[in-house]
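Inspection log for the structure reproduced underneath, given as structure tokens.
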Amino acid sequence: MAMHVRIVCPEHLAFEGEARFLTVPATDGSLGIAPLHASEIFTITSGFVQLCAEEMGSITSTFAVGTGYVQVASDKIIILAERAEDMAQLDVHTLETQLQGFEDELVNLSENDARRSNLYNEIAWCKLLLTELSST
């Protein structure tokens, strides 16, 4: 029995397909979702959604997600995240270049510049992605 999963962020639909099991980075800890899971809505933190398309324990896809919400209802899971990236589509060199660019830009801003907050977020996102890519 499979569940229908959608991972959506403001810029794009990151994933739509079937899964037999998935884990999500809930704010209370990692949460596993299997078919016939109780209906609920909960918040997620930045982390990784791991999908098992064939069977539990056999991860077929990993997506990095930012903060957001998950709705589980009738074997349909919708993940609404501020951002989402398929880890299989990312390149370490590109991420390292982006990270360096954000860090360089941050150094050139004054302490009172409102753009600092955005740059801190971008730096944290790049580091999250790079940590996962280097561990696989």
Handout entry: Extension gain from GLU55 to ASN118, taking 0.36 nm per residue of separation minus the Cα-Cα distance
Key = 18.8 nm
Exercise for the section: Rounded to the nearest Å, what's the spacing between the alpha carbon centres of the range 1-44 and the range 68-99? Just the number, please. Expected result: 11 Å
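Given a Förster radius of 25 Å and the C-beta distance between PHE42 and GLN98 as r, what FRET efficiency does 1/(1 + (r/R0)^6) yield to the nearest 0.05?
On the way: r = 30 Å, r/R0 = 1.22.
Efficiency for this residue pair is about 0.25.
How do LEU133, LEU51 rank when sorted from fewest to most other Cβ atoms within 10 Å of their own Cβ? Could you put the intermediate results ahead of the total?
Values: LEU133 15, LEU51 23.
With the sparsest Cβ surroundings first, the list reads LEU133, LEU51.
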Practice task
Mind sorting out which of [x] -0.48, -1.14, -1.42; [y] -0.44, -1.06, -1.31; [z] -0.38, -1.16, -1.54 is the real log10 I(q)/I(0) by the Debye sum over Cα atoms at q = 0.11, 0.19, 0.22 Å⁻¹ computed from the coordinates?
Solution key: [y]
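How high is the relative contact order of the range 3-87, given as a whole-number percent (alpha carbon pairs under 8 Å, six or more residues apart)? Please list the in-between numbers first.
Values: 228 pairs, mean separation 27.8, N = 85.
Answer for the range 3-87 is 33 percent.
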Exercise for the section: Could you line up VAL72, VAL49, VAL5, VAL92 from fewest to most neighbouring Cβ atoms inside 10 Å? Expected result: VAL92, VAL72, VAL5, VAL49
Handout entry: Crossing angle, helix 115-135 versus the chain [Cα axis fit, 0-90 degrees, rounded to tens]
Key = 60 degrees
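Rounded to the nearest 20 debye, what is the charge dipole size of the chain about its Cα centre when +1 sits on each Lys and Arg Cβ and -1 on each Asp and Glu Cβ?
Numbers: 7 positive and 20 negative charges, 71 e Å.
For this selection, approximately 340 debye.
Any read-out appearing in this document is the output of simple, stated calculations on the displayed coordinates, not a laboratory observation. Predicted, not measured: the structure shown is a model, and the values here were computed from it. Every residue, glycine among them, receives a Cβ derived from its backbone with ideal geometry; neighbour counts consider all protein chains shown.
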